[in-house]
Amino acid sequence: MFLTNLTTTAATVNYFTFLNEGLFWAFLGAALAAILAGIGSARGVGIVGEAASGLVAEDPSKFGQLIILEALPGTQGIYGLLIAFITCLKLGLFSDSLTAITLEQGLFVFIACLPIGIVGLFSAIYQARCAASAVNILIKNPNDVAKGITLAAMVETYALFALLISFLMVNFIIK
């Protein structure tokens, strides 16, 4: 009945015209970059926080070393937010008018935002698992905590690659 009423009105409106707009797809890509990477970082920081809480309860003097491990998986969320911000800036969201882009350009921007969103989601969680394991290094041999930080930081490399490719593609597509 609802669909019948929509098609029988004098002025028929296509309620899905926004799917044919480049700005819709570009903003959706920006949102996904921030959301997916943010989810990964939130989950990652939680994983490390759970592992670190017991040690802080036993030995509060280790907090300074643990906060480094805790912060590592949070960077992917920052990277996703950065790409979302740059995309919104290039689309004119912070100026007087939005940039006119074609559907094709909007889809390309959507695709350009996916690397940091997807890689950020997974790399933050995997980095957190490494950092949570590094908490055990800190428990057993506090002098070797730098080794644990280094192992966890290696996962960051792939988030940086994803950040770089998303950045380059967004900047290439929207001049």
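The values are calculated or read from the model by the stated rules, or taken from the named source; none is laboratory data. Keep in mind that what you see is a predicted model, and the values were worked out from it rather than measured. Cβ coordinates were reconstructed from backbone atoms using ideal geometry, including for glycine residues, and neighbour counts include every protein chain displayed.
Return a yes/no flag: does the range 93-108 have any residue that is closer than 16 Å to G38 by Cβ, among the small types (G, A, S) and without any contact (Cβ under 8 Å) to a residue 60 or more places away in the chain. Within the range 93-108, not a single residue is closer than 16 Å to G38 by Cβ, among the small types (G, A, S) and without any contact (Cβ under 8 Å) to a residue 60 or more places away in the chain.
Just one residue in the set Y158, Y79 is at pLDDT 95 or above and surrounded by fewer than 18 Cβ atoms within 10 Å (Cβ to Cβ); that residue is Y158. Each residue in the range 41-67 was checked for being under 28 Å from the mean Cα position of the chain (by Cα) and of a type in the set (K, R), and 1 pass.
Only one entry in A52, A57, A10 is assigned to a loop (DSSP other than H, G, I, E, B), at pLDDT below 95 and of a type in the set (G, A, S), namely A10. Residues of the range 52-68 being among the small types (G, A, S) and buried (at least 22 other Cβ atoms within 10 Å of the Cβ), which ones? Correct list: A52 only. Only one of the listed residues (C130, C113) is of a type outside the set (A, V, I, L, M), buried (at least 19 other Cβ atoms within 10 Å of the Cβ) and over 14 Å from L23 (Cβ atoms). That residue is C130.
Criterion first (more than 16 Å from Y158 (Cβ to Cβ), of a type in the set (V, I, T) and at pLDDT 95 or above) does I47 satisfy it? It is true that I47 is more than 16 Å from Y158 (Cβ to Cβ), of a type in the set (V, I, T) and at pLDDT 95 or above.
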